[in-house]
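To keep things clear, I will list the structure first and then write my remarks on it.
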Amino acid sequence: MIYCIDTSAFIDAWREFSSDILPDLWGHSILASIHDGTMISPEEVLSELTRGGDDLYRWAKSNGQLFLPPDDDVQNSVTRILTDFPTVEHNADLFVIALAMAKGAIVVTHEKKRGYRTNPNAIPKIPDVCERYGVQCITFSQLMHQKGWKFYVRT
């Protein structure tokens, strides 16, 4: 299974499970998933992380192979999403969904549905758009469970 990580998932995971709390998560488990190709993210996510200029951004920049440039399939998916969802926010979210569509990946995000179907004024969030295209959405904690990652306190 391939997981496509959104900016919000990185930020929330870093806040909850920072490298000083769970160094094996960031220094081993995530790195292994990057190297075996089961964890990806569009380069637009790295651009969003740049704004923080913090330890998470430095970690992300040092693991640049995680962040993929958009290819033709991704660009075509972005166009399709914008056609179907003209009010969706034009940021990395589009590319996260499009990359997941192109690679058959599960999206990892901390965004929640807005219910655009029942509220026509709501700007659709990642889970709303993913639902339309049959793309599964999970949280970072759910990713950790699916990957079977377990961490133990060393004393």
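Observations
- Counted residues, segment 100-134 - those being more than 14 Å from Leu82 (Cα to Cα), of a type outside the set (D, E, K, R) and either part of a strand (DSSP E or B) or in contact (Cβ under 8 Å) with a residue 60 or more places away in the chain (or both): 8
- Residues in segment 10-52 that are closer than 16 Å to His145 by Cα and outside any helix (DSSP H, G or I): Phe17, Leu22, Thr38, Met39.
- Exactly one residue out of Thr79, Thr83, Thr87 is part of a loop (DSSP other than H, G, I, E, B) and either in contact with a Phe, Trp or Tyr (Cβ under 7 Å, 6 or more places away or on another chain) or polar (S, T, N, Q) (or both), and it is Thr87.
- In this structure, Ile21 does not qualify as modelled with pLDDT of 95 or more and of a type in the set (A, V, I, L, M).
- Residue check, Ala32 at pLDDT 95 or above and closer than 16 Å to Glu111 by Cβ: no
- Residue count for segment 89-99, restricted to those that are in contact (Cβ under 8 Å) with a residue 12 or more places away in the chain and either over 24 Å from Arg15 (Cα atoms) or surrounded by fewer than 19 Cβ atoms within 10 Å (Cβ to Cβ) (or both): 4
- Where a residue in segment 29-49 is over 14 Å from Leu68 (Cβ atoms) and its partner, wherever it lies, is assigned to a loop (DSSP other than H, G, I, E, B) and β-branched (Val, Ile, Thr), with Cβ under 9 Å and at least six apart: Ala32/Thr38
- Across segment 30-45, the number of residues qualifying as farther than 17 Å from Phe140 by Cα and either touching a Lys or Arg at 6+ places or on another chain (Cβ under 8 Å) or surrounded by 13 or more Cβ atoms within 10 Å (Cβ to Cβ) (or both) comes to 2.
The values are calculated or read from the model by the stated rules, or taken from the named source; none is laboratory data. Predicted, not measured: the structure shown is a model, and the values here were computed from it. Reconstructed Cβ throughout: ideal geometry from the backbone, glycine too, with neighbour counts over all protein chains shown.
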